[in-house]
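The next block holds one structure in the form of structure tokens; read it before the comments.
The values are calculated or read from the model by the stated rules, or taken from the named source; none is laboratory data. Predicted, not measured: the structure shown is a model, and the values here were computed from it. Please note: Cβ atoms are built from the backbone with ideal geometry, for glycine as well, and neighbour counts cover all protein chains shown.
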């Protein structure tokens, strides 16, 4: 599985911790599209880089981070084909995959500690989409892009 990850300046430290957690998974490759320092960058630009790799087929899933996770998740969800879930707990992370087939996870570098973020990422990475009645709902979500 190919994971693309990116953050703005408000979440660089958490992004590095998340990358360490992703190393726990065999068969997972991670590409970091930045940013790599604390100089201010605009989170919509990072969301576009990460999500562009997913919709083009160059990555399977993505993780985006900003100060709260809110702005970058909003930006990500503007990109056709993206289902980004901003998660602050493991239950939401599991449900975002099981029920919503989220292909992007958003986290907040200023609101989520390293330990909880690691557990959220582990839950998100190990949960599969349940399909069934949930597939019908995901299809309806995706159809909203065309209205």
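Worth a mention:
- A Cβ distance below 6 Å, combined with a sequence gap of six or more or placement on separate chains, defines the contacts here; from the stretch 1-24, residues that are without any contact (Cβ under 8 Å) to a residue 60 or more places away in the chain reach residues that are crowded, with 24+ Cβ neighbours inside 10 Å and part of a helix (DSSP H, G or I) in the pairs 4/50; 6/46; 6/50.
- Residue check for residue 4: closer than 14 Å to residue 105 by Cα, modelled with pLDDT of 95 or more and surrounded by 23 or more Cβ atoms within 10 Å (Cβ to Cβ): yes
- In the stretch 55-81, residue nearest to the chain's Cα centre (by Cα) [restricted to those that are farther than 15 Å from residue 12 by Cβ and crowded, with 23+ Cβ neighbours inside 10 Å]: 62
- Count of the stretch 101-117 residues, restricted to those that are in contact with a helix residue (DSSP H, G or I) (Cβ under 7 Å, 6 or more places away or on another chain), farther than 17 Å from residue 72 by Cα and surrounded by fewer than 18 Cβ atoms within 10 Å (Cβ to Cβ), is 1.
- Residue list for the stretch 16-31, restricted to those being within 14 Å of residue 119 (Cα to Cα) and either within 13 Å of the chain's Cα centre (by Cα) or not in a loop (DSSP other than H, G, I, E, B) (or both): 17, 18, 19, 20, 21, 22
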